[in-house]
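What follows is one structure encoded as structure tokens, with my remarks underneath.
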Amino acid sequence: MTATGSPSTSGRDRRRPASCGSLPGARDRRADWVAGEQRSALILLVSGRFRVDLPGRSALLAEQGDYVVFRGVGHSWEAEDAPVVVAVRRPSIPGYAVSEEARS
């Protein structure tokens with residue numbers, strides 16, 4: 001299941017996010033494809049450009065407030081323009097990270 005979208009116009013000041021989860025640099029990309037993922041995820045763009053690759057398609061988050069939601073699918077990502085994103089995953093997994101081997 002995947003969903004993408006842009007926010008509706010509201011009175012909230014979107015330049016002041018409540019929290020930021022990740023600050024990848026420009027052209028950073030995930031070291032390996034996530035396989036066998038069972039969790040749900042929401043990726044929300046605060047600024048910059050961020051691409052999420054999913055089986056059979058990619059979602060480009062290019063405007064503040066763009067988001068992608070997916071559940072139980074493999075994925076990868078690329079930071080296209082020094083993005084600030086908020087990533088929410090459910091359920092959380094303590095200590096979840098890309099292995100050192102995959103980073104090299």
Considering each residue of segment 51-70, count those that are under 23 Å from GLY36 (Cα atoms) and among the small types (Gly, Ala, Ser), and give that number.
3
Any idea how many residues of segment 31-52 are surrounded by fewer than 17 Cβ atoms within 10 Å (Cβ to Cβ) and within 11 Å of the chain's Cα centre (by Cα)?
1
Could you please find all residues in segment 50-71 being modelled with pLDDT of 95 or more, assigned to a loop (DSSP other than H, G, I, E, B) and not aliphatic (A, V, I, L, M)?
GLU63, GLN64, GLY65, ASP66
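The values are calculated or read from the model by the stated rules, or taken from the named source; none is laboratory data. Just so you know, these numbers come straight off a predicted model, no measurement behind them. Every residue, glycine among them, receives a Cβ derived from its backbone with ideal geometry; neighbour counts consider all protein chains shown.
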